[in-house]
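Written below as structure tokens is the structure these notes are about.
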Amino acid sequence: MKESVKKNNQVTLKGTVATEPILDHETYGEKFYVFQLQTKRLSEVADLLPIMISEKCTFFSKINIGNRICVMGQYRSYNKYTEEKTKLILTVYAKDICFLSEGEQDDNEVIFEGFICKNVIYRKTPLGREIADILLAVNRPYGKADYIPCIAWGEDAYLAANLEVGDKINITGRIQSREYGKKLSDGTQEKRVAYEVSIQSLECSQ
């Protein structure tokens, strides 16, 4: 991975391009596009994840549906403002992309160092499984931060339940997509997609 990728926010995804790039926004004359990458879990369940890429990336012209690629970069968040509310948008910002070798399997790994920025929500399922919802702030340069929803299970959830706002932690995990129905004011339901990091290991940091 290139040195330009900060070590407190590392993402590596391997999978199949599922959609063509669509223009998302333009900043100082540079255009940024978003496409969907499909990456499978060991269970064969597929996550469909949004990838943001600059038109200046040398690999940009090779983003075609069906291509098998590896994306290396950072997980980014930003607020999208509408007339009704503010929505947190999550994307993987591609720093580097390459083709996968024949037979190379899908992969999905994130490594974060960040700070608890909201009270942890701890609960148990009807079957007694422990779960904890965490909102992690991962710092960028110049005083900015990315806000990343995470979910911990079992022993990690129990550990997270005792964390406080401002505590620093290190985690590894994977990005997962989840469809849900949002009930609208007119009584109808709208299908939406939520993204969260499923934590595989969690450690408190000094």
Any residue in the range 114-131 that's in contact (Cβ under 8 Å) with a residue 40 or more places away in the chain and under 27 Å from K7 (Cα atoms): show its pairings with residues that are of a type in the set (D, E) and part of a strand (DSSP E or B) at Cβ separation under 9 Å, as long as the two are six or more apart or on different chains.
G114/D146; K118/D133; V120/D133
Filter the range 79-121 down to residues that are of a type outside the set (V, I, T) and in contact with a Gly (Cβ under 9 Å, 6 or more places away or on another chain), then give me how many there are.
12
Please give the number of the condition R140 fails out of (1) modelled with pLDDT of 95 or more; (2) surrounded by 13 or more Cβ atoms within 10 Å (Cβ to Cβ).
(1)
Could you give every pair whose Cβ atoms fall below 7 Å, whose first residue belongs to the range 84-113 and is over 19 Å from F32 (Cα atoms), and whose second residue is of a type in the set (F, W, Y) and part of a strand (DSSP E or B), counting only separations of at least 6 or pairs across chains?
V110/Y75
Residue check: is G173 in the same structural domain as I53 (by TED's automatic domain parsing), buried (at least 18 other Cβ atoms within 10 Å of the Cβ) and within 21 Å of the chain's Cα centre (by Cα)?
no
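Per-residue answers, yes or no, for (1) crowded, with 19+ Cβ neighbours inside 10 Å; (2) in the same structural domain as F35 (by TED's automatic domain parsing); (3) not β-branched (V, I, T):
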position: K56; (1), (2), (3): no, yes, yes
position: F60; (1), (2), (3): no, yes, yes
position: R68; (1), (2), (3): no, yes, yes
position: G73; (1), (2), (3): yes, yes, yes
position: N79; (1), (2), (3): no, yes, yes
position: E104; (1), (2), (3): no, yes, yes
position: P126; (1), (2), (3): no, no, yes
position: D133; (1), (2), (3): no, no, yes
Members of the range 135-153 that are under 21 Å from the mean Cα position of the chain (by Cα) and over 18 Å from Q10 (Cα atoms):
G143, A152, W153
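The values are calculated or read from the model by the stated rules, or taken from the named source; none is laboratory data. Just so we're clear, the structure is a prediction, and the values are computed from it rather than from any experiment. Cβ sites come from the backbone with ideal geometry, for glycine too, and all protein chains shown count toward neighbours.
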